[in-house]
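In what follows, a single structure is set out as structure tokens and then discussed.
A short reminder: the numbers here are calculations on the coordinates, not readings from a lab. Being a predicted model, the structure only gives us computed values, none of them experimental. Because the Cβ atoms are built from the backbone with ideal geometry, glycine has one as well, and the counts that use them run over all protein chains shown.
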Amino acid sequence: MSKIGKKNIKIPKDASIKIDGGNLTISGPKGSTKLSINDKIFAPKLTEDEFNISPLKKNIDKKTSIMWGTYRSLINNAVTGVSAGHEKILELSGVGFRANMKGDKLNLQIGFSHDVNFSIPKEIKITVEKQTLIKISGVDKDLVAKISADIKSLKPVEPYKAKGIKERGQFVLRKEGKKK
């Protein structure tokens, strides 16, 4: 039995789930997403303010248990995304490191001889709060995390002076440097 799969998903008042066979349509104030689950293995159950999926057969093998928890997490992330949204905050640290928006592109000055332009997908909203803070927000948790990882990979944090692009709250293991 999956510990995560057994938990019910609480649906906020402003969000709704529609079940059409194995397809789920989750909508809320931030947008809507579609998910598909294997309806030959799992049966979705919807009440007024809670949602649950459970396996159809009584004997659950290891693979079914793993997929049960995975589907439950994906549905929970979608419900959270359409109601509250997902966001990540990136920090730029280094002398002369700056970020600004130029139309639909993120312009980064991160210590190279040229500016780096990062094109933003339509589903993602990026705002530059200060020149060193980038806020990435969107409905899809996977896409927000992927865009955040792509931006961080442009200039990873180096261990000696901790210069680079890092996520807020990310721990950077510092190294000591050369001794005389």
For Lys3: the one exception among (1) without any contact (Cβ under 8 Å) to a residue 24 or more places away in the chain; (2) loosely packed, with under 13 Cβ neighbours inside 10 Å
(1)
State all residues of the stretch 148-177 that are in contact (Cβ under 8 Å) with a residue 40 or more places away in the chain, closer than 26 Å to Ile75 by Cβ and part of a helix (DSSP H, G or I); if no residue qualifies, say none.
Ser148
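For (1) touching a helix residue (DSSP H, G or I) at 6+ places or on another chain (Cβ under 8 Å); (2) within 30 Å of Leu24 (Cβ to Cβ); (3) crowded, with 17+ Cβ neighbours inside 10 Å; (4) of a type in the set (Asp, Glu), each residue gets a yes or a no:
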{"position": "Ser65", "(1), (2), (3), (4)": "yes, yes, no, no"}
{"position": "Tyr71", "(1), (2), (3), (4)": "yes, yes, yes, no"}
{"position": "Leu92", "(1), (2), (3), (4)": "no, no, yes, no"}
{"position": "Lys102", "(1), (2), (3), (4)": "no, no, no, no"}
{"position": "Lys135", "(1), (2), (3), (4)": "no, yes, no, no"}
{"position": "Ala149", "(1), (2), (3), (4)": "no, yes, no, no"}
{"position": "Glu158", "(1), (2), (3), (4)": "no, no, no, yes"}
Could you tell me which numbered condition Lys45 fails, if it satisfies all but one of (1) closer than 18 Å to Gly69 by Cβ; (2) under 25 Å from the mean Cα position of the chain (by Cα); (3) among the basic types (Lys, Arg)?
(2)
Log entry, pairs with first residue in the stretch 6-34 being over 14 Å from Asn52 (Cα atoms), second being of a type in the set (Asp, Glu), beta carbons closer than 6 Å, six or more apart or on different chains, reads Gly21/Asp39; Gly28/Asp14; Pro29/Asp14
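Which one is surrounded by the most Cβ atoms within 10 Å (Cβ to Cβ) among residues in the stretch 35-47 that are touching a residue at least 24 places away in the same chain (Cβ under 8 Å) and either closer than 23 Å to Ala84 by Cβ or out of contact with any Phe, Trp or Tyr (no Cβ under 7 Å at 6 or more places or on another chain) (or both)? Spell out how you get there, then give the answer.
So the first thing to find is which residues in the stretch 35-47 are touching a residue at least 24 places away in the same chain (Cβ under 8 Å), and the list is 35, 37-38, 41-42, 44, 46.
So of that shortlist, the ones also either closer than 23 Å to Ala84 by Cβ or out of contact with any Phe, Trp or Tyr (no Cβ under 7 Å at 6 or more places or on another chain) (or both) come out as 35, 37-38, 41, 44, 46.
Details: Leu35: 15, Ile37: 22, Asn38: 11, Ile41: 17, Pro44: 17, Leu46: 16.
The selected residue is Ile37.
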Any chance you could count how many residues in the stretch 135-180 are on the phi > 0 side of the Ramachandran plot and touching a Ser or Thr at 6+ places or on another chain (Cβ under 9 Å)?
2
